[in-house]
1. What net charge is computed for the residues neighbouring B:ILE36, neighbours being all others with C-beta under 14 Å from the C-beta of B:ILE36, Lys and Arg scored +1, Asp and Glu -1?
2. What net charge is computed for the residues neighbouring A:ILE320, neighbours being all others with C-beta under 11 Å from the C-beta of A:ILE320, Lys and Arg scored +1, Asp and Glu -1?
3. Let's test this: bin the Cα-Cα distances of the stretch A:361-449 at 5 Å from zero up to the farthest pair and state each bin's percent.
4. First select every other residue whose beta carbon is under 11 angstrom from the beta carbon of A:SER367; then total the charges, Lys and Arg +1, Asp and Glu -1.
5. Rounded, prolate or oblate: which fits chain B, taking a ≥ b ≥ c as square roots of the Cα gyration tensor eigenvalues, rounded meaning a/c under 1.5, else prolate when a/b beats b/c?
6. Report, ordered by chain and residue number, the lysines lying within cross-link reach of B:LYS250, taken as a straight Cα distance under 20 Å and ignoring same-chain residues fewer than 8 apart.
7. Cα to Cα, under 17 Å, and not fewer than 8 places away if on the same chain: which aspartates and glutamates meet these conditions relative to A:LYS260?
8. Using amide H atoms built in the peptide plane, which far-off residues or other-chain residues are under 5 Å from B:LEU99 H to H?
Amino acid sequence: MKLSKIFVAAVVFVLTSSLHGQDILIEAESFDNPGGWTVDPQFEQQMGSPYLLAHGIGEPVKNATTKVRFESNGEYYVWVRTKNWVPGKWEAPGRFQLKIDGELVDKTLGLRSGWGWEYVDKISVFENQIDLELVDLTGFDGRCDAIYFSTKNEEPPSSSKKLADWRKKVKSEPNAPPVTKSYDLVVVGGGLAGCAASIAAAEQGLKVALIHDRPVLGGNASEEIRVHTLGIYGNFERILKKIDTEHYPNGSAEAKLDQKKRDDNVKGYENIDLFLNHRAYDAKAENSSIQYVDARQTFSGERIRFTAPRFVDSTGDGWIGYWAGAEFSYGRESSETYGETWEEHGELWTPTEPDDAVMGSSVLWGSKETDAEHTFPEVPWAMPVAREYARVAGEWQWEFSSPDHNQIDDAEDIRDHMLRAIYGSFANAKKDTTNANRKLEWVSSLVGKRESRRLVGDHIFTFNNAKEGRKFPDGVVIEIRDVDIHYQTVLEDEKNPDFISEALFYKTPEYYIPYRSLYSKNISNLFMAGRNFSCSHAGLGGPRVMRTTGQMGAAVGFAAALCKKYDVNPREIYTGYLDEYLDLIQKQKFEKIPESKK
Amino acid sequence: MGNNLLEKPMDKPPEYFVLDWKEGTKLIPEQTDFYIEVDSMGKQNVLALVNERKAPVLYSADIATPVCADGECKLMNIKFYWTLLGEYAGYDRYPMMPLTKHDHDEFDTADYQKLHNLLADDKNLMGRRRIDQLVEKPKMRTVNGVDAVSGATIARVKESVVSGALYSCYTAWHLVYGDIQEQLKTHTLSILDKQMTLDMLYSINPEYQIFAMEHMDAADYKEHYVQLAKVFRTSTPLVRSIIAKRFTSKFKDAPTMQRLFWEAFDEVDTSSRSLMMKYLDEAPDYVADILSTKLSSMSKNQLRSFLGYLSTGERMNSETRNNLLEFANSENETYSYLIIEFLENTK
């Protein structure tokens, strides 16, 4: 992960303008050098900010370092915003300390339950500047959101609403981002769907912004999550082959090869402006039409406003639609709602009464055999989750969903639950002498989600559409893959680990997703592609895999080109230009990319 | 074997069995119109095992089937049992005709138990695979100089089958989960009466419990609410999830009947507790008191839901408040800070 030192140092300086004139808020993600800590922006909407994570899979990570400049010398009270991610009757797993001007500060941090401020100490500043370091003590996912220096002994607020207001004041941040950029199409979310949408639109000459909150593209298919892409290419083989993966085992390091292919291909399009490490945080609609999307650089906090006549929500969580007021659904419809019963699996397939159950999130991981013996620390805080389960690697079945957790609101808890499952299961496996030389090799720190918000379009794609192979006049996505819906095995037996799932497969004929499932019903200029497209819970079971979501993206990208040509909204492509749209999709199969649009 | 069993009542459970067997049960075998066609062995009859009311309790079939691998075939003799819903119920072996492996070794005790576990797994991968797809060798690939093994699904099957007896396991599994399942279920539905439905509710079998709840009317729910509460406490999270979504509406006009369920809050799994919290608004007022004594068993989100519930209307009496205070002052409670914040905000 590269970080421009000069750029970030400047940002930290800007942050020093403050509430009291001499109080300073240092956002941890903006450290000059994060060392071995990683910037984690996944839960910004829930806990308020990207933060630094000491994801050392059991070995303390290198110190994060930064310089803090003060307007005046004197005494400062110091607080750190952090949390103990597994509070309980054991030593907190993610402990860390501060080092100031090379001196370790006694206070151990990462001990409080729930995100909030821990008081560190009162320090003296002599030369208007200090060297600040985060010292990880465990390698087990300690986390630091911010450090606050104040001349007053007054703890900053903890509740999320008050904290957000306080942050704005401390940073003297106006509501609107200082920079506005305009495009023909703004695509938010750089998973397979977002990449395909951007490529398709760019090939048709549109000026595209692709906003993605990670340093690499691909979402669940990226080297950071490592799920292989399934499904067929449908009408979009040429485009999807630029961004998909081989069929290696989930979690395989081979994902790195496909990562390079994907990033190189997308970056090869001159008219795609790629905003990596930018996370959208707001979208505003007027008269049911989105005016802009605001995004923030995840390290520096620098903000940009993106305007366009049309937007694509490929965030997976349907954030753009959510902020703009688009209709959406979450959870399982009753079996009667769309008649999606499959008697063989009854309640596990579709419930009699609707509920909030969804397919879960995975965190993939693996270990390797080495030539020497390796020990793994005791992890008592992981054992209530892992119990007796012992494994040396995880596959797609490592999945967590429960009625106690919303896949969006509780995503950090879900990730952390999976980390406990992984560390605990590996610690159990290490007790077996045959694993003496085995070493934990890789554990993702990202939540690989399967299902969350589903935005509602003019058509809601259901299990029955797949089961019957229903043909639509606007069937632009084609799939043959079984519908498979996951459930947690603990539902059938409490002795099973709660982080392992099983799949129920329904063999279908070839089926089709209509274009009408790819734009919002009530937000007139919003497309959606990816798992947040318009479908029922059971309808998502088949087309949630990534070549299929990639097809959705490509279909949307071509539609956006026609929208521009005729200056119309997505719905009007169906009502007025469907033949031309279908022709365009057919023609692109045989087209080479013009040099000017590469 | 076979027909001579027709005259002999069954007075003990199958050796491997998933249901409960009440002391003194006697089941009489009766012929049915159903049979299983076995390669080269012809039709094998399916019997109904009926109780004193002449109502079927189980179905069974003596099976003799060839198991062939690498051109060599041998006979497998086994007696299968199905539930009234056509699900696997258990099996009996024949001591004089033990099951054998590919190398002719006989099954040991652990192997028989493993076969039972496999047959009880209705979603086993072998249901979706041909036998040749299960014996495919894993493909080796090299990634950055490190060997990575694909074909993990095969490993998954290996974990669940008796070592050296894949073909026997595969044959047995597909006999149990063949067309006969649907035929038996259809037959049961054609003769289903109230007593059979209630017997299922009082069984320990989760499929029976779910089936019973789908076939009970509003009066049945009320008449058998004590048993429903027992099922809620003792059954699987899946069964509990159905009850949790239903009991407040089923007993809306009989709030005292809800008490047993709310009192079981800390006896059930955390997912069931979360489902219960979603129905708090439909709960009787006494629930605030009950749950305020069970704060320690609540997750963060459950506690938040409960506090949200308390903050609307006048649901907090002095007893509830005292319970909250006690929890807030405890040093061992992870989420006591939520209560402290709540009490501060509601002063």
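1. Numbers: positive: B:LYS43, B:LYS79; negative: B:ASP33, B:GLU37, B:ASP39, B:ASP62, B:ASP179, B:GLU182.
Summing Lys/Arg as +1 and Asp/Glu as -1 gives -4.
2. -2
3. Histogram of Cα-Cα distances, whole percents per bin: 3, 16, 25, 24, 17, 9, 4, 2, 1.
4. Neighbourhood net charge equals +3.
5. Oblate is the answer for chain B, as a/c is 1.5 or above yet b/c matches or exceeds a/b.
6. In chain and number order, the partners are B:LYS194, B:LYS222, B:LYS230, B:LYS278.
7. The reachable aspartates and glutamates, counting only those whose Cα sits under 17 Å from A:LYS260, are A:GLU223, A:GLU224, A:ASP244, A:GLU246.
8. Here the answer is B:PHE107, since their amide H atoms fall under 5 Å of that of B:LEU99.
Coordinate-derived values only; no laboratory data. This structure is a prediction, so every number in the text was calculated from the model and none was measured. When we count neighbours, we look across all protein chains shown, and the Cβ atoms used for this are built from the backbone with ideal geometry, even at glycine.
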